[in-house]
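Asks: Quick one: the structure is below, questions incoming.
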Amino acid sequence: PSLIKALDQYPYGCSEQTLSTALPLLYLGDVATAYGVAADRAGLDQRIDRAILTVLSRQTGSGAIGLWSSADADDPWLSAYAYDALTRMAKAGHYVPGAAYGALRQYLAGVLNDPERGDSPARAYALYALARTGHAGGSDVRYFAQTSGAGLKTGLAVAQVAAALAIVGEPQRAQAAFARATGTVRPTAYWRDYGSPTRDGAATLALMLESGIGGAGQRLAA
């Protein structure tokens, strides 16, 4: 409860915070049930639906998601985060407008294929998010891992490429990449992915569990 309250007390409401508040609500009902606590699932669904509308109201003409409004500059990492979150929300049964979702997907495909449109963490996240929905195939993932993998700035970006490799049926390469991810030190001055060492570690562990790739995950959890 204290963690959910902390999310509700986010002070601003930019697109990143809107997503970070709503995304855990997808799973809150199941967690509450597991602990024998009643959850207002209808209320949770309404809050998630409001978040979807809020974020998509900030979609720019290119298909990207702006931080505060549709007039903002494109934010490639945030746009990948939005696509990932919207994908999960749609899978859970929430309505995500197809035209807006498709425009966001096309924008991310451009980010993935053009290094000038996003830095390495944004492109790695785009790769993973598109692979999850079948819009980045095995050749795309392997090519990115081979050509851009060595230059990734954060452990989370490495882990996202590892997860993409697992999705396209490359478990050995995924295992090696996950091991590398856990040993990558986050640049102290890097801020474009809204992250921290704790966030990166938790997200990397979640990707390992999602991918079914073990090994370094036990050490990371400890």
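Asks: Considering the dipole of the stretch 1-143 built from charges on the beta carbon (Lys and Arg +1, Asp and Glu -1) around the Cα centre, which of I48, G93, A73 is farthest to its positive end?
Replies: G93
Asks: From Cα coordinates alone, what are the radius of gyration and Dmax values for the stretch 94-213 in angstrom?
Replies: Both quantities, over Cα of the stretch 94-213: 13.8, 40 Å.
Asks: Semi-axes of the chain's equivalent ellipsoid from the Cα gyration tensor, sqrt of 5 times each eigenvalue, largest first, rounded to whole Å?
Replies: Output for the chain: semi-axes of 26, 22, 16 Å.
Asks: Follow-up. With the other protein chains left in place, how much accessible area per residue, in square angstrom, belongs to the chain at a 1.4 angstrom probe?
Replies: I get 50 Å² per residue for this part.
Asks: Which shape class applies to the stretch 114-157: rounded if a/c is under 1.5, otherwise prolate when a/b exceeds b/c and oblate if not, where a ≥ b ≥ c are the square roots of the Cα gyration tensor eigenvalues?
Replies: prolate
Asks: Which whole-percent values make up P(r) of the stretch 47-153 when all C-alpha to C-alpha distances are grouped in 5 Å steps starting at zero?
Replies: 2, 13, 25, 24, 18, 10, 6, 1, 0
Asks: Related question: Multiply the residue separation of Q17 and S196 by 0.36 nm, subtract the distance between their alpha-carbon atoms, and state the gained length in nm to one decimal.
Replies: Going from the current span to full extension adds 63.0 nm.
Asks: Turning to a different aspect of this structure: Just to confirm my numbers, what's the Cα centroid distance between the stretch 21-72 and the stretch 135-207 in Å?
Replies: Cα centroid of the stretch 21-72 versus Cα centroid of the stretch 135-207: 25 Å apart.
Asks: Further question: Quick one: length gained pulling S70 to L53 fully straight, 0.36 nm per residue minus the C-alpha distance?
Replies: This chain segment gains 4.9 nm when fully extended.
Asks: Determine, for each peptide in 15-25, 89-99, 192-202, the mean count of other beta carbons within 10 angstrom over its residues, then list the peptides with the highest first.
Replies: The peptides rank, most packed first, as 15-25, 192-202, 89-99.
Asks: Tell me the mean residue ellipticity at 222 nm calculated for the chain from its helices only (DSSP H runs of n ≥ 4, each -39500 (n - 2.57), averaged over every residue, nearest 500).
Replies: It lands at -20000 deg cm²/dmol.
The values are calculated or read from the model by the stated rules, or taken from the named source; none is laboratory data. Quick caveat: nothing in here was measured; it's all calculated off a predicted structure. Don't worry about glycine lacking a Cβ; one is built from the backbone with ideal geometry, like all the others, and counts go over all protein chains shown. Side chains included, ligands, DNA and RNA excluded: accessible areas come from the protein's heavy atoms. Shrake-Rupley method; radii C 1.70, N 1.55, O 1.52, S 1.80 Å.
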